[in-house]
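A.B. asks: Encoded as structure tokens, here's the structure I'll be asking about.
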Amino acid sequence: MKLGVSSYSLYQAMNKGEMTITDVIDYVAEIGGEHIEIVPLGFNLKESPELIDTIKSRAASKGLEISNYAIGANFAELDDAAYEAEIERVKGEVDIAAALGVKLMRHDVGSSKDLSITHFLEELPRLANACRIIADYAAERGITTSVENHGYFIQHSDRVKALVQTVNHPYFKTTLDIGNFLCADEVSTVAVANNIGLASMVHFKDFYYRPANRAPGSGWFNTSSGNWLRGAIVGQGDIDMPEVVRIVKESGYDGYISIEFEGMEDCRTGAKYGLEYVRKAWNEA
């Protein structure tokens, strides 16, 4: 297992102009990360391709591996022209991943206002086809692509499993975010056990959770069923984190683990404390 941090965790500071992506790399190394996951928020690798070599050289100089490249995408509810265009766009992102030298890449797959299982099953064949085409393209470059349990529509562990099994490609798996299952009101321990065997990448994220009838005010957002979540430092929220760590470790998973922080505290503090917590919990599990 190699423990590191997603650059997304420091987006708060990048968005304020307090850090650049090279500052983020320096900070992840400073707090003891072994790798950094690149999420192009706060910088743009298509508009500024020179940043690719900057990121690679800075990470190498700090002894950090670049673990994963994570982007958004949507193949749902598109006409044929838009569907083909989105596939080609994501192939272009695969080229960026290859230029970064990563062997893992996450792309989102679908979003919809209709979250019903009926609609998911209607969209599934087309979603799987797009993922299979992109996985073929990525495999030629030695890259495994993945879907994250992200964005409500494909967030339940059974929907993720259904997609991965329908794609049925050795270079297509899941980026398993242990916290995101709560957005679909699924208990993290159950969902992680259901999906860990399909994971190419694992994110550790935490949330505070409140039921729908206890609206807590500003800073919170709704789950798909109307309950309330707010980002927490990993280990300090309401997820049974020691049990999740135990499940992941006992599964035999031995790949990259990224800390993700999206809470209200300073992002540098959130990333640092989360990293420290998972390292300690992993060693004790």
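A.B. asks: Of all the residues that make up region 96-127, how many are within 19 Å of the chain's Cα centre (by Cα) and part of a helix (DSSP H, G or I)?
C.D. replies: Matching residues across region 96-127 total 5.
A.B. asks: Moving on to the next point. Going by the conditions given, is I71 among the aliphatic types (A, V, I, L, M) and either within 30 Å of G252 (Cα to Cα) or surrounded by 22 or more Cβ atoms within 10 Å (Cβ to Cβ) (or both)?
C.D. replies: Spelling it out, I71 is indeed among the aliphatic types (A, V, I, L, M) and either within 30 Å of G252 (Cα to Cα) or surrounded by 22 or more Cβ atoms within 10 Å (Cβ to Cβ) (or both).
A.B. asks: Before we move on, is E77 more than 18 Å from H169 (Cβ to Cβ), free of Cβ contacts under 8 Å to residues at least 24 places away in the same chain and surrounded by fewer than 22 Cβ atoms within 10 Å (Cβ to Cβ)? Give the steps one after another, and end with the answer.
C.D. replies: Working: more than 18 Å from H169 (Cβ to Cβ): yes; free of Cβ contacts under 8 Å to residues at least 24 places away in the same chain: no; surrounded by fewer than 22 Cβ atoms within 10 Å (Cβ to Cβ): yes.
Judged against the criteria, E77 is not a match.
A.B. asks: Residues that are surrounded by fewer than 21 Cβ atoms within 10 Å (Cβ to Cβ) and within 20 Å of L115 (Cα to Cα): does region 131-145 have at least one?
C.D. replies: No, region 131-145 has no match at all.
A.B. asks: Let me ask something additional. Of everything in region 50-64, what is loosely packed, with under 12 Cβ neighbours inside 10 Å and either of a type in the set (A, V, I, L, M) or outside any helix (DSSP H, G or I) (or both)? Give them in sequence order.
C.D. replies: G63
A.B. asks: Can you tell me how many residues in region 27-47 are farther than 25 Å from D254 by Cα and either out of contact with any helix residue (DSSP H, G or I) (no Cβ under 9 Å at 6 or more places or on another chain) or not small (G, A, S) (or both)?
C.D. replies: Residues that pass the stated criteria total 7.
A.B. asks: In this structure, does E123 turn out to be of a type in the set (D, E), farther than 17 Å from F153 by Cβ and touching a residue at least 24 places away in the same chain (Cβ under 8 Å)?
C.D. replies: Answer is no for this residue.
A.B. asks: Can you list residue pairs whose Cβ atoms sit under 8 Å apart, with the first residue in region 135-157 being under 11 Å from K173 (Cβ atoms) and the second being aromatic (F, W, Y)? Count only pairs 6 or more apart in sequence or on different chains.
C.D. replies: Close Cβ pairs (under 8 Å, with a partner that is aromatic (F, W, Y)) amount to A135/Y171; A135/F172; T144/Y171; T144/F172; T145/Y171; T145/F172; S146/F172; V147/F172.
A.B. asks: Oh, and also: Residues E34, E30: which one is open to solvent by 50 Å² or more (accessible area, probe 1.4 Å), over 18 Å from the mean Cα position of the chain (by Cα) and of a type in the set (D, E)? Can you show your working first?
C.D. replies: On the way: E34 fails: over 18 Å from the mean Cα position of the chain (by Cα).
After ruling out the rest, the residue left standing is E30.
A.B. asks: So, one more: Could you list, in sequence order, the residues of region 213-261 that are in contact with a helix residue (DSSP H, G or I) (Cβ under 8 Å, 6 or more places away or on another chain), within 23 Å of N68 (Cβ to Cβ), part of a loop (DSSP other than H, G, I, E, B) and open to solvent by 20 Å² or more (accessible area, probe 1.4 Å)?
C.D. replies: G235, S251, Y253
A.B. asks: Report yes if some residue within region 188-206 is of a type in the set (F, W, Y) and over 30 Å from R141 (Cβ atoms); otherwise report no.
C.D. replies: no
A.B. asks: Of all residues in region 18-48 being of a type in the set (V, I, T) and in contact (Cβ under 8 Å) with a residue 40 or more places away in the chain, which is farthest from L100 (Cα to Cα)? Working first, answer last.
C.D. replies: Filtering region 18-48 for residues of a type in the set (V, I, T) gives 20-22, 24-25, 28, 31, 36, 38-39.
If we keep only those that are in contact (Cβ under 8 Å) with a residue 40 or more places away in the chain as well, we get 28, 31, 38.
Numbers: V28: 17, I31: 23, I38: 9 Å.
By that ranking, first place goes to I31.
The values are calculated or read from the model by the stated rules, or taken from the named source; none is laboratory data. Predicted model, so just to flag it, every value in this text is computed and none were measured. No Cβ is skipped: glycine too gets one built from the backbone with ideal geometry, and neighbour counts run over all protein chains shown. The accessibility values were calculated without ligands, DNA or RNA, using every heavy atom of the protein model including side chains. Shrake-Rupley method; radii C 1.70, N 1.55, O 1.52, S 1.80 Å.
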